[in-house]
1. Test Thr124 against the stated conditions and say whether it is assigned to a strand (DSSP E or B), closer than 15 Å to Asp180 by Cα and of a type in the set (Val, Ile, Thr).
2. Identify the residue in region 55-113 that is within 21 Å of Ser183 (Cβ to Cβ) and of a type in the set (Lys, Arg) and, among all such residues, is surrounded by the fewest Cβ atoms within 10 Å (Cβ to Cβ).
3. Does Ala207 satisfy being among the hydrophobic types (A, V, I, L, M, F, W, C), touching a helix residue (DSSP H, G or I) at 6+ places or on another chain (Cβ under 7 Å) and either closer than 30 Å to Met22 by Cα or in contact (Cβ under 8 Å) with a residue 12 or more places away in the chain (or both)?
4. For region 197-230, how many residues meet the condition of being among the aromatic types (Phe, Trp, Tyr) and surrounded by fewer than 12 Cβ atoms within 10 Å (Cβ to Cβ)?
5. Has region 195-211 got at least one residue that is hydroxyl-bearing (Ser, Thr, Tyr) and under 26 Å from Leu43 (Cβ atoms)?
6. Looking for something part of a strand (DSSP E or B), among the hydroxyl-bearing types (Ser, Thr, Tyr) and under 26 Å from Thr25 (Cα atoms) - is there at least one such residue anywhere in region 72-93?
7. Assuming Ala159 fulfils every condition listed in (1) touching a residue at least 12 places away in the same chain (Cβ under 8 Å); (2) under 23 Å from the mean Cα position of the chain (by Cα) apart from one, which condition is it?
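Quick note: the coordinates plus some simple rules give every number you see, no bench work behind them. Predicted model only: the values in this text are computed from it and were never measured. Every residue, glycine as well, gets a Cβ built from its backbone with ideal geometry; the counts of neighbours run over all protein chains shown.
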Amino acid sequence: MFPGIDPNTQTFLLWALAILVMAWTWIPALVSALGGTRLSHGLTSQAAGSDQTAGPDEALWANQLTQLGYEPIGAGWLRVNFAGSEWALYTPVRVFRNASAHVYAFMQKAPAPFHFWPGAVFATCWSDGVLLLTDNNSNAEPDFEDEFIRQGIVTLNLADIETIHRNVTEAMIRSGRRPDSDSSPEALFLALQRYLGPEAKRAHGRAGTQYLFVHILIHLCASMPSLTLVSLTHWSLPFINLILALILGLGESSHKRQYARAVRAAFRNEQIVPKGEGS
């Protein structure tokens with residue numbers, strides 16, 4: 001194939017290159033499938049809401065939270081290591097708080113390639129370890145028997161979400177539960193890691209298993225014709241797998257970017273003026 005290079009050396013180099021290309025996504029997928037997904041967090045020195053270059057999607061939620069009486073108290077990040085076929089997913093977070101109501105509100109920026117702020121989540125940490133989340137991007141009914149209570153409706157009006165969260169919070173207080181006295185951003189991040197970590201492990205474990213199954217099957221099917229005609233030491237076999245890995249990787253990357261653009265466009269087209277801000 002390459003003039004002046006020994007055929008065995010050519011085959012070795014092609015196999016090495018093919019393995020490197022496949023390993024870039026296969027290794028994190030394998031670790032995820034084996035339960036190695038990990039969620040970590042950290043705080044940053046940037047104050048929530050201090051970014052003067054905030055885009056319209058971030059400003060939409062921050063302005064609503066401010067009008068509802070929430071003040072920015074910090075910023076940080078969540079990172080999922082070994083997220084399916086991805087080595088890591090990084091998510092910036094902005095944290096707000098209404099101290100008198102014992103309620104946090106936090107905004108999460110969708111990881112690459114989405115790069116936009118899809119909404120806000122209201123949260124209350126309880127002294128018995130329970131975490132209550134109310135999300136504006138999911139229709140969910142709460143299960144008060146769980147330690148991780150999730151609820152929400154799909155809306156761009158955060159006042160509706162906050163009303164739901166406050167009503168449930170007041171009902172839980174009347175039932176004898178007490179909010180956690182630690183109202184720092186770190187307390188919220190620790191609670192999120194405690195409950196979202198196992199959830200991320202399950203979700204990305206399934207994604208990693210599915211990714212490996214599909215890709216291994218595709219490579220086996222593509223390799224079978226060559227295996228029937230030549231041996232493993234022939235350059236055509238690693239060459240086919242290398243080209244196939246590149247095509248699959250580029251195709252999946254292109255599909256993710258196109259989907260991300262479509263999601264961002266749909267979100268921005270559907271943005272509404274929150275109640276009280278316009279006629």
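1. Answer is yes for this residue.
2. Of everything passing the filter in region 55-113, Arg97 is surrounded by the fewest Cβ atoms within 10 Å (Cβ to Cβ).
3. yes
4. First, the residues of region 197-230 that are among the aromatic types (Phe, Trp, Tyr): 211, 213.
Going one step further and asking which of them are surrounded by fewer than 12 Cβ atoms within 10 Å (Cβ to Cβ), we end up with none.
Total satisfying the criteria: 0.
5. Taking region 195-211 and keeping what is hydroxyl-bearing (Ser, Thr, Tyr), we get 195, 209, 211.
Within this subset, residues satisfying the condition of being under 26 Å from Leu43 (Cβ atoms) are 195.
Looking through region 195-211, at least one residue is hydroxyl-bearing (Ser, Thr, Tyr) and under 26 Å from Leu43 (Cβ atoms).
6. Yes: region 72-93 contains one or more residues that are part of a strand (DSSP E or B), among the hydroxyl-bearing types (Ser, Thr, Tyr) and under 26 Å from Thr25 (Cα atoms).
7. Failed condition: (2).
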